Every structure is written in structure tokens, then in C-alpha cells.
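Structure record follows, encoded as C-alpha cells.
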Amino acid sequence: MIELNVRVEVGEFRLSAELQGNGTICLAGKNGTGKTTLLRAIAGLLPVAEGFVKVGGADVTDSSVEERDVVLVTPSTCFPRLSVDSHIMWGARLKGLRPEKEYLLKVKSELGIDYGGTVGSLSRGMRQRVALATALLSSPRAILVDEAFLGLNDREAFVSTYSKHAKEAGVDVVFSSQDEADGKLADYLFVLNNGLATARQRKTSS
Amino acid sequence: MNWLRLISIASLLLLLVPVFVLLYYGLGPFRDAAGFSTQVFRSIELTLFSSALAVVADFILFTPLAYYLARGNDRITESLVDIPVSVPHPIIGVALLILDSPVTPTGQFLLSLHINFYNTILGLVTALVIMSAPIYVKSMQPYFESKDPSSEEFAMGMGASRLKTLYSIVLPNSYDGLSSASLIAMSRALSEFGSISIIAFYVLQFPFYGVSPASVTIYEFFSGNMSGGLNAAVSASAAMILVAIPITLAGHMIRKRNGR
């Protein structure tokens with residue numbers, strides 16, 4: 001469960017947002033509406049001027065980035081010198097988790113990761129899959145996906161599979177999109193309007 | 001006519017006049033065997049050795065500081081870093097001398113641990129670290145700032161500390177920046193005179209027993225304390241320049257190649 005009611009200020013930009021939901025949440029809005037700002041505030045990368053952020057039932061408003069157990073994935077996120085398997089296991093190893101090998105192979109297969117070598121040698125879309133798999137296997141409280149689903153060729157199927165795995169692991173996923181129609185891929189759609197203040201939320205039909 | 005280019009080249013030539021003069025006279029009309037003697041090459045060896053050690057220390061001790069400055073917003077710390085190079089350099093030599101003097105409590109403590117700066121390789125390297133570290137930090141900081149932080153944020157989101165992120169994620173992808181900053185810092189260490197002429201005029205330790213750093217040797221020729229006089233000083237300077245130029249150029253070329 002992600003629950004927040006915040007006001008975030010970045011220079012002249014002011015964002016007020018209220019959100020409550022679990023499972024997969026789509027954060028939709030045009031350029032400059034504050035999607036990235038909100039995701040960065042949830043991740044602890046931007047300070048909250050007012051309000052609270054709760055993730056998985058815990059109030060993480062004042063927690064540091066490394067303490068709040070919330071992973072932000074962007075299109076350029078990757079550790080280029082690592083091999084694919086080392087990359088995918090990086091977060092899990094850091095936390096002392098030991099996912100079953102069968103589970104690792106299943107996740108890789110279902111997310112379309114069927115290549116080896118170093119991550120830096122992969123295409124951008126492939127790197128995004130690896131980064132998303134890495135976040136998933138580290139079993140955080142929540143994964144925030146800042147437009148990192150956009151470059152994938154089988155996007156709808158990927159999001160559906162990813163959401164399924166995240167739910168099984170008890171991980172909430174919030175992804176941003178410029179297209180409100182992407183709400184159909186999520187359990188909740190949250191729309192940021194016109195940059196500054198208002199947000200509305202509804203349970204999607206899925 | 002590109003006047004900006006013309007003016008820039010003219011001003012650069014003005015800066016390089018001393019270097020050209022020393023190379024021309026040192027290798028030509030003023031060439032003196034004493035300037036290319038074993039003693040001079042031993043002093044260049046000592047300078048290269050101690051500068052290389054100083055850069056290793058810069059890397060180990062000051063890379064975290066450069067990263068902290070790049071990712072934090074600590075203007076006070078940033079300005080404090082410049083202090084050692086903004087004071088007359090002999091002051092650093094005097095400070096190390098006082099710090100390690102048997103008449104001060106710090107000196108008594110250090111000497112009880114058998115730590116002696118005066119005329120030792122440790123003292124020489126310590127002075128070179130203090131004089132080269134600000135250059136190293138100021139070279140690494142913009143390099144770190146130029147890197148996309150998203151992968152670092154990703155690692156921290158999975159629970160990695162800033163320090164863990166630096167060593168596991170940032171440094172393995174920073175070989176070019178580290179090489180460039182190290183070479184630039186090393187060229188700064190090679191050129192140091194003021195501080196080391198006080199704390200380590202010569203070294204009284206194996207394998208450099210009785211050897212002075214190159215800059216001090218050149219000064220000794222010039223001041224007449226060593227036989228050879230001005231001609232030997234000019235020749236030794238030319239030899240030192242020939243060693244230092246490739247290191248400086250390599251550092252800047254690596255940095256240029258990476259678009260900074």
C-alpha cells in the first residue's frame with residue numbers, strides 16, 4: 001500500500017498530491033505535470049515540504065533514500081560493467097536475499113531476458129528489462145518506474161507480467177506515463193493535472 | 001581571420017616561453033653534463049616515486065571527498081579544499097615541521113609512533129599529498145557531477161549507502177576520470193618546491209639516501225650549493241620538463257577525450 005499526501009517544491013514548481021493505492025499504480029500526466037517530481041519525492045530523492053509518505057504501512061517521510069526500501073527505475077538506470085546475472089542479483093545480494101535459481105530463471109524468461117554478456121553492451125530496452133528485474137528481485141516495499149516501460153516493444157504484456165510478479169512478491173509498483181490510457185495496465189490510475197496542484201484518482205476496471 | 005584563436009595562441013605562447021627557453025638553452029647552448037648526471041636522474045626518480053605515492057594517497061583518501069562535494073551541496077567544505085594551495089607553499093612545509101617537532105605535543109605523539117616527517121619519504125609524500133589533493137579533488141568533482149546519478153539512486157533505493165554506491169557503482173565506471181585526475185594531480189606534485197624544500201630538502205632513507213627532490217636539486221645548482229651553477233640548473237630543468245610534459249599532456253588529453 002502506498003499512501004501519501006504531500007506538497008513538494010522544486011524551485012518555482014509547486015506540486016500537491018494525494019494518492020492511496022496498492023498493486024500497480026499508473027501515474028499519468030503530460031510533460032511538466034510533476035510525475036517525476038512526485039516519484040522522486042516518494043523515493044526520498046526530493047524533500048517533502050509538507051505532508052507524509054507511507055509505503056507498505058510504514059511512514060517513510062523522514063527516512064533516507066537507502067532506508068526507505070523504495071527503488072526508482074529510469075530509462076538510463078543500469079550498472080554497465082556487470083554481467084546480466086550479476087546485475088539482476090545485485091540488490092538481492094546486497095540485502096542478503098537468496099532467490100531460488102528456478103525463480104531467477106523464471107523471472108528472466110518471462111521478462112524476456114535471454115541474453116548474457118555485460119549490461120553495457122545491451123540495447124536500451126534490454127537494459128531497462130534487466131534494471132526492472134534487478135529491482136524486482138531485491139524485494140523492496142515499492143518499485144517506482146519513471147517512464148522505463150516506454151521503450152519496451154511488448155510493453156503491455158511486459159507490464160502485465162511484471163505486475164504479476166510484483167504482486168506475488170508483495171511489492172507495489174508505481175509507473176509514470178504520458179498517456180492516460182495506460183491506466184488500463186494498472187489497478188489504479190492517478191492523474192496529475194496541469195503541473196501544479198490537482199490530482200484525481202480512481203480504481204481502474206482491471 | 002579567427003581573432004579569438006590568434007589571441008589565444010599568442011597568450012598561450014607567452015605562458016610557454018619559460019618552458020621553451022629552458023628546453024632550448026638546457027639542451028643547447030647551456031648544456032652541462034652535471035645537469036644530466038646520475039645525481040639529477042636520482043632526484044627525478046625520487047620526485048616521480050614520491051609524486052606517484054602521493055597520487056595513490058590522493059585516490060584513497062580524497063576520492064570520497066570529491067564524490068561528497070559532487071553529490072552534496074556543501075559550499076563551505078568546497079571552499080576549504082582550496083586552502084592548502086591558496087597559501088604560500090612554504091607555510092605547509094613549516095606546518096608539517098611544527099606538527100612533527102619534538103617540542104610540540106603532536107610531534108611528541110607522532111615521534112612516539114616512530115612517525116617522522118623531517119627529511120623522510122613520508123614527510124615528502126605528505127607535503128605532496130597536501131599540495132596535490134586539492135587539484136585531484138577539483139578534477140574529480142566535475143567528473144562525478146557530469147555523471148547521470150540515476151544508477152546511483154537506483155543502488156541506494158536497494159539499500160546501498162553512499163559509500164557503498166561510490167565503491168561498487170561509481171568507481172568501476174570512472175577509470176577515465178580517475179586516470180585523468182591522477183595524472184593532473186601528479187603533474188602538480190612533480191612541480192612542487194616550496195613545501196618540500198622545508199620538510200624534505202633531501203631524504204635520509206633507503207633507497208634515496210642523500211637524494212633531494214628534483215626541484216630542490218635545480219635550486220641547489222642555481223644557488224651554487226652544488227657544483228654546476230646556472231648551466232647545470234638549466235640542463236636539469238630541461239630534463240625535468242621532458243619528464244613532466246608527457247604526464248601533464250596525458251592527463252589533459254584523457255579529460256578532453258571524455259568531453260570535459
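The values are calculated or read from the model by the stated rules, or taken from the named source; none is laboratory data. Quick caveat: nothing in here was measured; it's all calculated off a predicted structure. Glycine gets a Cβ as well: all are built from the backbone with ideal geometry, and neighbour counts include every protein chain shown.
Given the residues B:A133, B:A160, B:A155, B:A127, which is the only one that is modelled with pLDDT of 95 or more and not in a helix (DSSP H, G or I)?
Matching residue, one of B:A133, B:A160, B:A155, B:A127: B:A160.
Can you name the condition, by its number, that B:G194 falls short on among (1) crowded, with 16+ Cβ neighbours inside 10 Å; (2) more than 25 Å from the chain's Cα centre (by Cα); (3) not in a helix (DSSP H, G or I)?
With (1) crowded, with 16+ Cβ neighbours inside 10 Å; (2) more than 25 Å from the chain's Cα centre (by Cα); (3) not in a helix (DSSP H, G or I) applied to B:G194, the lone miss is (2).
Rundown of residues vs (1) assigned to a helix (DSSP H, G or I); (2) more than 20 Å from B:S187 (Cβ to Cβ); (3) touching a residue at least 60 places away in the same chain (Cβ under 8 Å), yes/no style:
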| site | (1), (2), (3) |
| --- | --- |
| B:R31 | no, yes, yes |
| B:V40 | yes, no, yes |
| B:L48 | yes, no, yes |
| B:D58 | yes, no, yes |
| B:S79 | yes, yes, no |
| B:P84 | yes, no, no |
| B:V103 | no, yes, no |
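At pLDDT 90 or above and either within 30 Å of A:V10 (Cα to Cα) or within 10 Å of chain B (Cβ to nearest Cβ) (or both), is that true of A:V55?
So A:V55 passes the test.
Starting from the range B:187-211, take each residue that is acidic (D, E) and list its partners that are buried (at least 17 other Cβ atoms within 10 Å of the Cβ), counting only C-beta distances under 8 angstrom and pairs at least six apart or across chains.
B:E192/B:H89; B:E192/B:A127; B:E192/B:L128; B:E192/B:M131; B:E192/B:S132; B:E192/B:P213; B:E192/B:S215
Mind listing whichever residues of the range B:5-62 are crowded, with 19+ Cβ neighbours inside 10 Å and of a type in the set (V, I, T)?
B:V40, B:I44, B:T47, B:V55
Assuming A:A49 fulfils every condition listed in (1) closer than 23 Å to A:E156 by Cβ; (2) away from chain B (no Cβ under 14 Å) apart from one, which condition is it?
Exception for A:A49: condition (1).
Taking only the range A:29-56 into account, find how many residues are under 18 Å from the mean Cα position of the chain (by Cα), surrounded by fewer than 21 Cβ atoms within 10 Å (Cβ to Cβ) and assigned to a strand (DSSP E or B).
Residues meeting the conditions: 1.
Per-residue answers, yes or no, for (1) under 15 Å from the mean Cα position of the chain (by Cα); (2) at pLDDT below 85; (3) basic (K, R):
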site	(1), (2), (3)
A:E156	no, no, no
A:G170	yes, no, no
A:T198	no, yes, no
A:S205	no, yes, no
